[in-house]
Amino acid sequence: TGTASVNALGPLRVFGDFQMSGGVFNAGPSTQTFQGSFSQTGGTFQPGTGEIDITGWGGSTIAVVSATHFNNLRVNKSLGASAELRLDSALTVDGNLSITSSGGPTLTVVPGPYEHVLSGDFTVGSVGVAISSGVFSFSFT
């Protein structure tokens, strides 16, 4: 949190939740891994050309301000029990979106009342992932 500018020049691994309330975060060309939830209430998130990975045990929430885009977004949760991936705002993914789980009964994706825009491939794991009702729009070029 704060008003600093951060440019990720290589891969980062955050052991916990990512919370951004101001400043600028440029994800750069590498894979950035967050083992918890991803929350942006302010500031500017620049997706770079790499991938954002949401990993770790249990449920997560992804909440971003409306202008935020992801280049590629991968959610891979290791579950000890049923958990939810809550999308608490509209997502725009300019590349690929992948949602998978392992090691547990079910990861339920709760898209919320938002329209999520995907420009690349949408991959959902064949085991342990359920999507509740919501709208995903696909943009093909």
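Observations
- Residue satisfying all of: in region 44-60; of a type in the set (S, T, N, Q) and open to solvent by 40 Å² or more (accessible area, probe 1.4 Å); nearest to SER30 (Cα to Cα) among these: THR49
For every residue, the table says whether it meets (1) among the β-branched types (Val, Ile, Thr); (2) farther than 15 Å from PHE136 by Cβ.
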site	(1), (2)
PRO47	no, yes
GLY50	no, yes
TRP57	no, yes
ALA83	no, yes
VAL93	yes, no
SER98	no, no
PRO111	no, no
GLY120	no, no
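- Test result for GLY59, at pLDDT below 90 and on the phi < 0 side of the Ramachandran plot: yes
- When residues in region 101-122 are screened for being open to solvent by 40 Å² or more (accessible area, probe 1.4 Å) and closer than 20 Å to GLN35 by Cα, 5 of them pass.
- Remark: pairs (first residue in region 1-25, at negative phi; second residue outside any strand (DSSP E or B) and among the hydrophobic types (A, V, I, L, M, F, W, C); Cβ separation under 6 Å; 6+ apart in sequence or on different chains) = ALA8/ALA27.
The values are calculated or read from the model by the stated rules, or taken from the named source; none is laboratory data. Keep in mind the model is a prediction, meaning the values are calculated, not measured. Quick reminder, even Gly has a Cβ in these numbers, built from the backbone with ideal geometry, and neighbours come from all protein chains shown. Surface accessibility is based on the protein's heavy atoms, side chains included, excluding ligands, DNA and RNA. Shrake-Rupley method; radii C 1.70, N 1.55, O 1.52, S 1.80 Å.
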